[in-house]
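Notes to accompany the following structure.
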Amino acid sequence: MKSVNEWVTREQENIVNDPSFLVVSNATLGETLPWEGMRLAPDSVILNVPLGGRDGQLAYQIYGHLHLMVQMGRQGEWLPEAPDAKGYDLERAIVDRVANVWILGRTVFDTQPFAPLDELAYAKHFDFLDAFIFTARPDLYGSERAQWVRENPERAGEYREWFTETFNREPPGVRAKD
């Protein structure tokens, strides 16, 4: 977690101190995932952060910040593990980082539970990150999702079963919105 804390701290400092862009967090009701309602502009990103998940604000901001850095041509600086990633590979790298932010918060800084980020972190921990993303965002990444299903024909069902057993509700993308 030390290396995660180092890049999270660096990223948080950049979000606060870099005058070349703005990350705006709007409070919203209900449970939303970081990408829901995100709006990118050339030099800013606006995110919806649920009121019940204020401890998760930094995770949401990092999600938006990473997308903004990609748009501003700074992907290699902030995503060194995926400097040239595009499409689904880029989104997966960003979501993986967001899961790590939340795992750091929950394990080291005692952040309060918050279902959307807890679900994401657990999915990553139990090797269901692809299933989480493809299920939560069924209308995106069609060819990547189709290839994943061909290569892992049982995985979507395993994920849904694991998710409902773990959280006593359907996963995002399947359950009704609040």
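The values are calculated or read from the model by the stated rules, or taken from the named source; none is laboratory data. Just so it is clear, the structure is predicted and the values come from calculations on it, not from any experiment. Positions of Cβ are backbone-derived with ideal geometry, glycine not excepted, and every protein chain shown enters the neighbour counts.
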For this session: Determine whether the range 58-66 contains at least one residue that is more than 28 Å from TRP162 (Cα to Cα) and in contact with a Lys or Arg (Cβ under 7 Å, 6 or more places away or on another chain).
Result: yes
Exercise. Given the conditions (1) more than 14 Å from the chain's Cα centre (by Cα); (2) buried (at least 20 other Cβ atoms within 10 Å of the Cβ), and given that GLY76 satisfies all but one, which numbered condition is not satisfied?
Worked result: (2)
Seminar exercise, completed: Result of the Cβ filter at 9 Å on the range 165-177, keeping first residues that are without any contact (Cβ under 8 Å) to a residue 24 or more places away in the chain and partners that are outside any loop (DSSP other than H, G, I, E, B), at least 6 apart or interchain, is ARG169/ALA115; ARG169/PHE163; GLU170/ARG160; GLU170/PHE163; GLU170/THR164
Seminar exercise, completed: GLU81: passes all of (1) within 30 Å of ALA146 (Cβ to Cβ); (2) in contact with a Phe, Trp or Tyr (Cβ under 9 Å, 6 or more places away or on another chain); (3) surrounded by fewer than 20 Cβ atoms within 10 Å (Cβ to Cβ) but (2)
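In the set GLY30, GLY53, GLY64, which member is under 25 Å from PHE134 (Cα atoms), among the small types (Gly, Ala, Ser) and surrounded by fewer than 20 Cβ atoms within 10 Å (Cβ to Cβ)?
On the way: GLY53 fails: surrounded by fewer than 20 Cβ atoms within 10 Å (Cβ to Cβ); GLY64 fails: surrounded by fewer than 20 Cβ atoms within 10 Å (Cβ to Cβ).
The match here is GLY30.
Residue by residue, here is whether (1) within 17 Å of LEU79 (Cβ to Cβ); (2) touching a Pro at 6+ places or on another chain (Cβ under 8 Å) holds:
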site: ILE15; (1), (2): yes, no
site: GLY37; (1), (2): no, no
site: LEU47; (1), (2): no, yes
site: ARG54; (1), (2): no, no
For this session: Could you tell me which numbered condition THR107 fails, if it satisfies all but one of (1) buried (at least 20 other Cβ atoms within 10 Å of the Cβ); (2) assigned to a helix (DSSP H, G or I)?
Result: (1)
Exercise. Take the residues of the range 1-27 that are exposed (fewer than 13 other Cβ atoms within 10 Å of the Cβ) and among the hydrophobic types (A, V, I, L, M, F, W, C): which is modelled with the lowest pLDDT?
Worked result: MET1
Problem set entry | Segments classed as helices (runs of 4 or more DSSP H), wholly inside the range 124-178, with at least 1 members that are exposed (fewer than 12 other Cβ atoms within 10 Å of the Cβ), out of contact with any Gly (no Cβ under 8 Å at 6 or more places or on another chain) and acidic (Asp, Glu) | 142-151, 155-167
For this session: Please name all residue pairs, on different chains or six or more residues apart, with Cβ atoms under 7 Å, provided the first residue is in the range 50-71 and is closer than 23 Å to LEU29 by Cα and the second residue is part of a helix (DSSP H, G or I) and of a type in the set (Phe, Trp, Tyr).
Result: GLY56/TRP102; ALA59/TRP102
Problem set entry | Residues satisfying the stated conditions in the range 1-55, i.e. of a type in the set (Val, Ile, Thr) and either in a helix (DSSP H, G or I) or within 30 Å of GLU170 (Cβ to Cβ) (or both) | VAL4, VAL8, THR9, ILE15, VAL16, THR28, THR32, VAL45, ILE46, VAL49
